[in-house]
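Worksheet: one structure, shown below.
The values are calculated or read from the model by the stated rules, or taken from the named source; none is laboratory data. Since the model is a prediction, treat every value here as computed from it, not as a measurement. Glycine also receives a Cβ, built like all others from the backbone with ideal geometry; neighbour counts cover every protein chain displayed. Ligands, DNA and RNA are excluded from the accessible area calculation, which covers all protein heavy atoms including side chains. Shrake-Rupley method; radii C 1.70, N 1.55, O 1.52, S 1.80 Å.
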Amino acid sequence: MFKRFRRLRLNAHLRDLVQETRLAKEDFIYPLFIKSGKNYKKEIASMPGVFQMSIDEILKECDTLKKLGLYSIILFGIPEVKDSIGSDALCEHGIIASSIKAIKEAHPDMFVATDLCFCEYTDHGHCGILDMKHETVNNDATLKILGQQALIHAKAGADMIAPSGMMDGTISVLRKALDDAGFINLPIMAYSTKFASAYYGPFRDVAESSPSFGDRRSYQMNPANRREAINESIEDEKEGADILMIKPALAYMDIIRDVKEHTSLPLAVYNVSGEYAMLKAAQKADLIDYDRVMMETLLGFKRAGADIIITYHAKEAAALL
Ligand code: PBG
Ligand code: ZN
């Protein structure tokens, strides 16, 4: 006798009853890109449906998100002026600080996470302060300004900070900086396992953050490395992260599962710009059933072990849920 698996597949209600993994609107964090100015809303060619927006447009966008049942966002600021240390990110009147304040004032019910990094703010496009020879990013000098950046976000009213620069020691330095300033209840979502990926290409168009020389391989991880990915996550958990993250998502499903099994914190995945752009291109060329492929992809992240999904698909997916 063989086993009758199909017995549980014949009835739609029964299929629902035995379904192991489900997507929910509450799983999603939606990324937003903010530029200075007014009435500004510019679509990104490689990412249809994703815009750079001025703060007034972002406030309207929050209304749209709430109508869809989406309350969690992650903010990326694009400053008017960039310099060698990313000063705009360290200023309480800078683009990101003003945005956080404006959003929390108009939409106190939104949950506002912020990306903590310098690549959008530096003129060289790297994720921190360069070393003397201008060859790579100086880890410890960058940690110092990361602490300042965290306090700028915290004071402006951010609900969670998400450091994405892959400097060693980030989480312990930030936790201490926040605690010392009284922000003991502000959670840190660590981009704990972030690979040096070609999938970030379209994001760098939106965020205007391509490095002007070299690449990010001296701080982001080698896509070939599984043990190192687990070690990075375990270290961030030890240093006091509240949520861990794997990024990108689609080519790293094994890493999602590995990290889930080696750590006990909530786990986020970042379904990045290049992954979104690929599905959008296939949709435009009429090559796939876009809605179904999108939902299957997002469900796959959860099955792999993700608790939280940061995705540009959030609005489209929420509309289907
Ligand atoms: C900043 C940052 C990047 C992304 C999120 N935060 C880009 C990078 O590291 O170059 C990528 C997100 C995406 O591709 O959607 N460090
Ligand atoms: Zn960066």
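Tabulated results
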| read-out | value |
| --- | --- |
| Test result for residue 96, within 15 Å of ligand 2 (Cβ to nearest atom) and in a strand (DSSP E or B) | no |
| All positions within the stretch 135-161 that are assigned to a loop (DSSP other than H, G, I, E, B) and in contact (Cβ under 8 Å) with a residue 40 or more places away in the chain | 135, 136, 157, 158, 159 |
| Whichever residue in the stretch 101-124 is part of a strand (DSSP E or B) and out of contact with any Phe, Trp or Tyr (no Cβ under 6 Å at 6 or more places or on another chain) and, among such residues, is surrounded by the most Cβ atoms within 10 Å (Cβ to Cβ) | 114 |
| Within the stretch 131-145, tally of residues that are within 13 Å of ligand 2 (Cβ to nearest atom), under 18 Å from residue 88 (Cα atoms) and aliphatic (A, V, I, L, M) | 1 |
| Selection count where residues are open to solvent by 70 Å² or more (accessible area, probe 1.4 Å) and part of a strand (DSSP E or B), scope the stretch 19-58 | 3 |
| So residue 288, is it free of Cβ contacts under 8 Å to residues at least 40 places away in the same chain and of a type in the set (A, V, I, L, M, F, W, C) | yes |
| Failed item in (1) assigned to a helix (DSSP H, G or I); (2) open to solvent by less than 30 Å² (accessible area, probe 1.4 Å); (3) in contact with a Ser or Thr (Cβ under 9 Å, 6 or more places away or on another chain), with residue 70 passing the rest | (1) |
| Checklist (1) open to solvent by 40 Å² or more (accessible area, probe 1.4 Å); (2) under 26 Å from residue 161 (Cβ atoms); (3) in a helix (DSSP H, G or I) applied to residue 16, failing item | (2) |
